[in-house]
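Data first, discussion second: the structure below is written as structure tokens.
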Amino acid sequence: MIKNSINSITVKNFLSEDECQFLLHTYSNEGLFKPAEITEGVNDEVRKSSTFFINKIDLLNEKLLQTINENIKIKGVDIRNLGPYQFTKYSVGDFYEWHTDSDNDKNKNRHYSIIIQLNDDYQGGSLQLKDENQKEYDLERGVGNLFIFDSNEIHRVSKVTGGIRYSLVNWATVEKKEEYKKTLI
């Protein structure tokens, strides 16, 4: 696990190459992809990629929640809920401009953004975050790498210039612990 200077966590090789190949083989069926949407619908000036949603991926759910809870500690809360997985495909020329993932009422329960890189045989397509000084950082590319960051962080995927970029995206929700008592000590 790498805590970056920006507010993100990278877990290298969270999934093995074999696990990523299995997911790509199982889910990269061309017939499932639709143009990706933002809150207002399809807008190729802001986001150009293809996606579809998968309700649950058994090999991932428990492992992902365990990893998140081991790496993110917030007093009085647990990170328990994952939404459906967004399987995302970026072809040559595709991108997603600077944005946050919890930018409106529809997405206000997105507390942590989760991205799993499924391949790295493409050019361009960097996952980038901005710090509070607007400095841009590329997150480390690698098959099976897991990236976790606050959903209010500004990020993007730069334009893919060669090959096809595949990733799984999800968002975690924070829940208050019922047994947690606030103390001054």
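Solvent-accessible area of T67, all protein chains in place: 20 Å² (probe radius 1.4 Å, heavy atoms, ligands and nucleic acids excluded). Cross-link pairs exceeding 27 Å in C-alpha to C-alpha distance, out of K130/K159; K34/K56; K56/K130; K56/K89, comprise K56/K130.
Other residues whose C-beta falls under 11 angstrom from the C-beta of V143 contribute a net charge of -3, scoring Lys and Arg +1 and Asp and Glu -1.
Note on exposure: Y112, Y122 ranked by accessible area (1.4 Å probe, complete protein assembly) read Y112, Y122, with the most exposed listed first.
Of the trypsin sites (Lys or Arg not before Pro) found in the range 1-71, those in coil by DSSP whose Cβ has at most 12 other Cβ atoms within 10 Å are K12, K56.
The stretch between N7 and Q66, if pulled fully straight at 0.36 nm per residue, gains 19.3 nm over its current Cα-Cα span.
Tell me the accessible surface of D150 in square angstrom (1.4 angstrom probe, heavy atoms of protein chains only), to the nearest ten. Here the residue's solvent-accessible area equals roughly 50 Å².
The values are calculated or read from the model by the stated rules, or taken from the named source; none is laboratory data. All values reported here derive from a predicted model rather than from experimental measurement. Cβ: placed from backbone, ideal geometry, glycine included. Neighbour counts: every protein chain shown. Heads up: the accessible areas ignore ligands, DNA and RNA and are worked out on the full protein's heavy atoms, side chains in. Shrake-Rupley method; radii C 1.70, N 1.55, O 1.52, S 1.80 Å.
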